[in-house]
Amino acid sequence: MTDTELKELDRLMDPNTPQDLTDIFKIYKEFLFKVMMNHKNESNTSVQNRQAILLLQMMFSKIANIEKLVEGIEFTSSTGARLNKVTDPILISSSIRGVFESVGMFNIVYVNPKTEDKRLILHTLWVLAGLNFRQRFNSVTKSLEFLEKSKAEKEKIDKLTKDIEETDLFKSLKPKDKDKIYNAINGKHYYIMFVDNEVKGLGGFQELIDNAGVVTNSIGQLYTYYSLSSHPSNVSVFQFGGMFETDNTDNFDNVNFNLSNAFKLVGVFIADYIKVFPFVSVMLESQSEIDRIVIKLNNSIIRGRENLIQ
């Protein structure tokens, strides 16, 4: 790389201005959208893969909407009173929490399982978690249409549970490991992983990221930070108030810190997406050298050399 290219890379890996952030957003949006458009030419994909493609589209939407949040809002009332443009770090943190959860979910459901039975079980647990949560609404609605839909979904829940039970892997599990799977079904979650042919329970999204090949110890803890910022905690209220202070550079620094984490997480997502759809690697290599390096570095910074994008 030339000195000019190295300076450009340094700017994109260590942003200091709103324009720097805009340029990084563009790198990710361009690539994710390119992959989305390429999928339009596919046919006969499995249900699992079709849903993986939808998760890619959701990731594009999350990134594009976070960029809009960074642009901030301004308001002029009918009396002429004016609110100058402000960027809400709390809304950004809440949105990045969604990125965090999507990355952890994609890894544990689509990447971590290494056999067909393991993939089927994890994907089915993920589907069951959503369906079982919707069953809770039976007690708050009397709509005939909803109740009929709920009944059909209950039948689907029973069928999907049976699909898990009929896999050779499930049949071979020890009773304690079968119980962990049943506990996940009843608990409306999919926070498990297979270690060889044993089931390991996970504590939630923080542990999903910790088990996604991340070598930076602080990444898992960030989920607690984003959760704290997503609720009306004293910390989030304090941060919100700070954005109205004159010449408050801390607000930009806070937003910049959060976005740098988001960019790293999306780098992890792209690396994992390539493992599910290997042809995407060729598409990445067709990007400009700087775009490729930005995406690859954001993944490797928190995952180390063992999970490089090849």
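Of the residues that make up the range 100-110, is at least one closer than 17 Å to S229 by Cα, aromatic (F, W, Y) and under 10 Å from the mean Cα position of the chain (by Cα)?
yes
If you check every pair at least six apart or on different chains, which have Cβ atoms under 8 Å apart with a residue in the range 13-33 that is surrounded by fewer than 16 Cβ atoms within 10 Å (Cβ to Cβ) first and a residue that is among the acidic types (D, E) second?
Qualifying pairs under 8 Å: T22/E67; K29/E67; E30/D291.
Residues that are modelled with pLDDT of 85 or more, at least 1 per element: which helices (runs of 4 or more DSSP H) completely within the range 202-278 meet that?
205-210, 218-230, 249-276
Any chance the range 254-266 includes a residue that's over 20 Å from the mean Cα position of the chain (by Cα) and crowded, with 17+ Cβ neighbours inside 10 Å?
Filtering the range 254-266 down to residues over 20 Å from the mean Cα position of the chain (by Cα) leaves 254.
Now restrict to residues that are crowded, with 17+ Cβ neighbours inside 10 Å: 254.
Looking for residues that are over 20 Å from the mean Cα position of the chain (by Cα) and crowded, with 17+ Cβ neighbours inside 10 Å, one finds at least one in the range 254-266, hence yes.
Answer with yes or no whether L128 is at pLDDT 95 or above, in contact with a helix residue (DSSP H, G or I) (Cβ under 8 Å, 6 or more places away or on another chain), in a helix (DSSP H, G or I) and not assigned by TED's automatic domain parsing to the domain that holds Y225.
Working: at pLDDT 95 or above: yes; in contact with a helix residue (DSSP H, G or I) (Cβ under 8 Å, 6 or more places away or on another chain): yes; in a helix (DSSP H, G or I): yes; not assigned by TED's automatic domain parsing to the domain that holds Y225: yes.
Here the answer is yes, as L128 does meet what is asked.
Taking the conditions exactly as written (modelled with pLDDT under 95, in the same structural domain as V282 (by TED's automatic domain parsing), within 21 Å of K296 (Cα to Cα) and out of contact with any His (no Cβ under 6 Å at 6 or more places or on another chain)), does N44 satisfy them or not? Working first, answer last.
Numbers: modelled with pLDDT under 95: yes; in the same structural domain as V282 (by TED's automatic domain parsing): yes; within 21 Å of K296 (Cα to Cα): no; out of contact with any His (no Cβ under 6 Å at 6 or more places or on another chain): yes.
Here the answer is no, as N44 does not meet what is asked.
It is to be established whether one or more residues within the range 191-199 are over 18 Å from the mean Cα position of the chain (by Cα) and in contact (Cβ under 8 Å) with a residue 60 or more places away in the chain. Spell out the reasoning first.
Here is the first cut: in the range 191-199, the residues over 18 Å from the mean Cα position of the chain (by Cα) are 194-199.
Among the residues that remain, those that are also in contact (Cβ under 8 Å) with a residue 60 or more places away in the chain are: 194.
Yes, because at least one residue in the range 191-199 is over 18 Å from the mean Cα position of the chain (by Cα) and in contact (Cβ under 8 Å) with a residue 60 or more places away in the chain.
Looking at (1) in contact with a Leu (Cβ under 8 Å, 6 or more places away or on another chain); (2) over 25 Å from P15 (Cβ atoms); (3) assigned by TED's automatic domain parsing to the domain that holds A52, which is the one condition that is false for S281?
(1)
Mind listing whichever residues of the range 104-151 are among the charged types (D, E, K, R) and over 15 Å from Q48 (Cβ atoms)?
The first filter runs over the range 104-151 and keeps only residues among the charged types (D, E, K, R), leaving 114, 116-119, 134, 136, 142, 145, 148-149, 151.
Within the range 104-151, R134, R136, K142, E145, E148, K149, K151 meet the criteria.
The values are calculated or read from the model by the stated rules, or taken from the named source; none is laboratory data. For clarity, every value in this text was computed on a predicted model and none was experimentally measured. Heads up, the Cβs are rebuilt from the backbone with ideal geometry, glycines too, and the neighbour counts pull from every protein chain shown.
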